[in-house]
Amino acid sequence: MPAGESFYITTPIYYPSDVPHIGHGYTTVAVDTLSRWHRQAGDDAWMLTGTDEHGQKMLRAAAANNVTPQEWVDKLVGESWFPLLTTLDVANDDFIRTTQERHEKNVQVFFQKLYDAGYIYAGEYEALYCVGCEEFKPESEIVDGTGPFEGLKVCAIHSKPLELLQEKNYFFKLSEFQDRLLELYKTEPDFVRPDSARNEVVSFVSQGLKDLSISRSTFDWGIPLPWDESHVIYVWVDALLNYVTAVGYGEDDANFARRWPAYHVVGKDILRFHAVIWPALLMAAGLEVPKGVFAHGWLLVGGEKMSKSKLTGIAPTEITDVFGSDAYRYYFLSAIAFGQDGSFSWEDLSARYQAELANGFGNLASRTVAMIQKYFDGVVPAPAEYAGRDRVVQKKVADAAAAADAAIEHFRIDEAIDAIWTIVDDLNLYITENEPWALARDEQQRGRLGTVLYTCAEGLRALAVLLSPVMPQSTAKLWDALGVEGSLGALTAQPIREAGAWGALQPGTAVTTLAPLFPRVEQTA
Ligand code: MSP
């Protein structure tokens with residue numbers, strides 16, 4: 001994409017009914033990495049995350065803890081959800097809470113418009129509801145309960161009993177949007193990614209759409225419908241609107257025009273809300289549909305979708321306390337094909353930490369800096385003549401940078417990291433092949449030694465730039481050690497799409513000692 005364009009990207013807004021786990025962290029670091037990449041590419045990047053604070057789930061969590069829902073969300077957001085961003089080193093530009101006035105007020109504006117335009121009508125409703133999903137469940141997601149729930153209908157995702165709800169509701173005429181949605185998926189094949197998600201959505205919509213209940217009248221923890229205050233807006237449609245209210249919908253037209261439409265990254269569990277209901281609501285309101293919806297897979301623990309409600313939840317700090325936030329980010333983003341499910345295990349995490357981060361990237365950085373200190377008094381040597389093998393490195397760096405950027409365009413962070421890692425692997429091999437320690441023993445080889453170490457250091461310069469969206473902390477340390485801030489500027493200001501152009505590192509730059517980027521960890525896990 002051409003530089004300078006708006007790149008507005010969102011995470012789902014999470015339910016603060018409970019504390020965050022590594023699944024929430026996974027989506028958040030993926031979105032953060034994509035937004036950091038685009039920001040570093042000179043795009044007009046904006047990353048939004050936040051919390052989804054209304055609905056029955058929240059009401060019950062608060063009741064179970066003997067506090068009001070507002071007290072509950074304030075506590076959880078303050079004590080757990082804001083700190084998650086620090087824990088994972090996330091550089092979000094905004095954080096929206098659906099209890100904020102900027103949201104509530106403009107959600108009402110939006111629904112009043114839809115009502116005035118005739119897209120909303122009142123009706124009676126009776127259906128099975130899952131509070132865990134905050135959703136009336138379709139037949140296909142209702143199964144027979146087992147164990148304590150024998151004889152009951154349960155939610156296929158939560159395995160908990162469904163509740164039969166019977167009330168007067170307002171409905172959105174979703175059924176009228178089938179053709180326009182199918183047309184959208186056809187004309188914009190990248191609207192839903194990856195292909196597996198797209199196919200699922202197309203087949204779901206092809207089977208016909210039912211109108212959607214958009215209000216509830218049996219409790220009041222939500223945003224009142226402006227024309228009938230005895231109803232609150234259904235939590236899911238309230239939540240979807242965060243993506244527009246956060247950028248000024250209803251009150252700051254200039255900002256809205258600058259940012260909207262967004263890219264949404266979501267877990268595949270909430271794909272239909274984003275790829276079916278959300279664009280239909282926007283079409284009804286006469287607004288642009290999102291630029292795209294990318295559904296990633298589930299983190300599995302012991303073969304099952306990890307979740308707090310099934311007691312498989314792992315807190316992000318359990319990982320970051322031991323391995324650090326860079327390792328968290330690197331591990332989930334590289335080990336799982338973005339868009340597919342992936343199994344988490346402590347063994348896999350520690351093995352990759354050791355092999356790829358400590359021995360691979362970390363060691364490459366430490367020994368390059370140490371050899372420049374030892375053989376050139378800490379000053380980056382000028383390369384003498386480049387030989388064929390040096391040019392192989394140069395080409396690898398250029399190709400990897402281009403491939404990584406192309407992968408990021410497709411939201412394939414894992415492929416981008418794979419491409420970048422070819423530089424790490426090649427430079428480690430290059431050192432083994434060139435044996436700088438042997439060259440150092442021979443005064444005749446002084447020029448060659450300079451070329452080899454310059455090649456390593458310049459490769460590290462490119463690596464720092466390319467990896468900074470994924471691992472902001474260790475790359476910042478490396479940038480410091482390379483001593484390039486003075487000549488090249490801040491790491492996060494390096495144009496990432498030019499990272500592969502050889503020769504940016506100035507010979508004569510003074511390096512400083514680099515402590516191990518990925519220290520040995522105590523194996524307590
Ligand atoms: N509040 C809604 C979203 C509203 S968006 C307008 C919601 N919240 S949630 O707290 O349940 O978060 C769901 C999201 O968390 C998933 O879509 C996914 O991004 C992330 N994950 C939760 N569990 C996960 C896994 N086990 N694996 C991967 N991602 C997970 O749904």
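The values are calculated or read from the model by the stated rules, or taken from the named source; none is laboratory data. Keep in mind that this is a model prediction, so the values were computed, not measured. Cβ: placed from backbone, ideal geometry, glycine included. Neighbour counts: every protein chain shown.
Taking the stretch 38-50 only, how many residues are more than 15 Å from the chain's Cα centre (by Cα) and within 14 Å of the ligand (Cβ to nearest atom)?
First pass over the stretch 38-50, keeping only residues more than 15 Å from the chain's Cα centre (by Cα): 40-44.
Filter once more, keeping what is within 14 Å of the ligand (Cβ to nearest atom): none.
Residues meeting the conditions: 0.
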Exactly one of TYR234, TYR170, TYR185 is hydroxyl-bearing (Ser, Thr, Tyr), modelled with pLDDT of 95 or more and within 23 Å of THR51 (Cβ to Cβ), and that residue is TYR234
Those residues of the stretch 435-482 which are closer than 28 Å to ILE496 by Cβ and among the polar types (S, T, N, Q), in sequence order: THR451, THR455, SER468, GLN473, SER474, THR475
List the number of the failed condition for THR218; all other conditions in (1) closer than 27 Å to GLY297 by Cβ; (2) at pLDDT below 95; (3) of a type in the set (Val, Ile, Thr) hold. (1)
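Which is more than 16 Å from the chain's Cα centre (by Cα) and either polar (S, T, N, Q) or in a loop (DSSP other than H, G, I, E, B) (or both), of SER17, SER35?
SER17
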Tell me which residues, restricted to the stretch 374-404, are surrounded by fewer than 20 Cβ atoms within 10 Å (Cβ to Cβ) and more than 18 Å from THR455 (Cβ to Cβ). ASP377, ALA402, ALA403
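Yes or no, residue by residue, for (1) at pLDDT 95 or above; (2) over 30 Å from TYR26 (Cβ atoms); (3) touching a Pro at 6+ places or on another chain (Cβ under 8 Å):
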| position | (1), (2), (3) |
| --- | --- |
| ARG391 | yes, yes, no |
| LYS396 | yes, no, no |
| ALA400 | yes, no, no |
| TRP421 | yes, no, no |
| GLN445 | yes, yes, no |
| GLY450 | yes, yes, yes |
| TYR454 | yes, yes, yes |
| ILE496 | yes, no, yes |
Subset tally (residues that are among the small types (Gly, Ala, Ser) and away from the ligand (no atom under 16 Å from the Cβ)) for the stretch 1-24: 3
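Okay, residues lined up against (1) surrounded by 22 or more Cβ atoms within 10 Å (Cβ to Cβ); (2) closer than 20 Å to ARG97 by Cα:
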| position | (1), (2) |
| --- | --- |
| SER196 | no, no |
| SER206 | no, no |
| SER217 | no, no |
| VAL244 | yes, yes |
| GLY248 | no, yes |
| GLU251 | no, yes |
Got a sec? Which helices (runs of 4 or more DSSP H) wholly within the stretch 307-381 have at least 3 residues that are over 17 Å from GLU458 (Cα atoms)? 316-323, 325-335, 346-352
Could you please let me know if GLU435 is within 24 Å of the chain's Cα centre (by Cα) and more than 14 Å from LEU333 (Cα to Cα)? no
Check every one of the helices (runs of 4 or more DSSP H) wholly within the stretch 146-259 and list those with 1 or more residues that are over 28 Å from the mean Cα position of the chain (by Cα). 178-187, 195-206
Residues in the stretch 268-287 that are of a type in the set (A, V, I, L, M, F, W, C) and away from the ligand (no atom under 11 Å from the Cβ): how many? 9
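Here are GLU139, GLU134: which of them is acidic (Asp, Glu), at positive phi and under 34 Å from the mean Cα position of the chain (by Cα)? If you could, list the steps in order and put the result at the bottom.
Numbers: GLU139 fails: at positive phi.
Of GLU139, GLU134, the one residue that is acidic (Asp, Glu), at positive phi and under 34 Å from the mean Cα position of the chain (by Cα) is GLU134.
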Could you list, in sequence order, all residues of the stretch 81-127 that are assigned to a loop (DSSP other than H, G, I, E, B), hydrophobic (A, V, I, L, M, F, W, C) and over 28 Å from the mean Cα position of the chain (by Cα)? ALA117
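From GLU498, GLU485, which residue is more than 22 Å from SER35 (Cα to Cα) and out of contact with any Lys or Arg (no Cβ under 7 Å at 6 or more places or on another chain)? Outline the logic, then answer.
On the way: GLU498 fails: more than 22 Å from SER35 (Cα to Cα).
Residue meeting the stated conditions: GLU485.
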Residues of the stretch 288-299 being within 7 Å of the ligand (Cβ to nearest atom) and either assigned to a strand (DSSP E or B) or among the β-branched types (Val, Ile, Thr) (or both), which ones? HIS296, LEU299
Is it true that THR27 is near the ligand (Cβ under 9 Å from one of its atoms), over 21 Å from GLU498 (Cα atoms), part of a helix (DSSP H, G or I) and of a type in the set (Ser, Thr, Tyr)? yes
Which one of ALA403, ALA382, ALA351 is closer than 18 Å to LEU467 by Cα and small (Gly, Ala, Ser)? ALA403
Go over the candidates LEU84, LEU114 one by one and state the one that is under 30 Å from SER6 (Cβ atoms), surrounded by 15 or more Cβ atoms within 10 Å (Cβ to Cβ) and within 14 Å of the ligand (Cβ to nearest atom). LEU84
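Yes or no, residue by residue, for (1) of a type in the set (S, T, N, Q); (2) surrounded by 18 or more Cβ atoms within 10 Å (Cβ to Cβ):
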site	(1), (2)
LEU463	no, yes
SER468	yes, yes
GLU485	no, no
ALA501	no, no
VAL511	no, yes
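Okay, residues lined up against (1) farther than 23 Å from ALA419 by Cβ; (2) of a type in the set (Phe, Trp, Tyr); (3) modelled with pLDDT of 95 or more:
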| residue | (1), (2), (3) |
| --- | --- |
| LYS310 | yes, no, no |
| ILE314 | yes, no, no |
| THR320 | yes, no, yes |
| TYR330 | no, yes, yes |
| SER334 | no, no, yes |
| ALA337 | no, no, yes |
| SER345 | yes, no, no |
What's the total number of residues in the stretch 417-454 that are exposed (fewer than 14 other Cβ atoms within 10 Å of the Cβ) and within 24 Å of ALA402 (Cα to Cα)? 1
Test each condition in (1) within 22 Å of HIS264 (Cβ to Cβ); (2) touching a Phe, Trp or Tyr at 6+ places or on another chain (Cβ under 7 Å); (3) within 15 Å of the ligand (Cβ to nearest atom) for LEU59 and report the one that comes out false. (1)
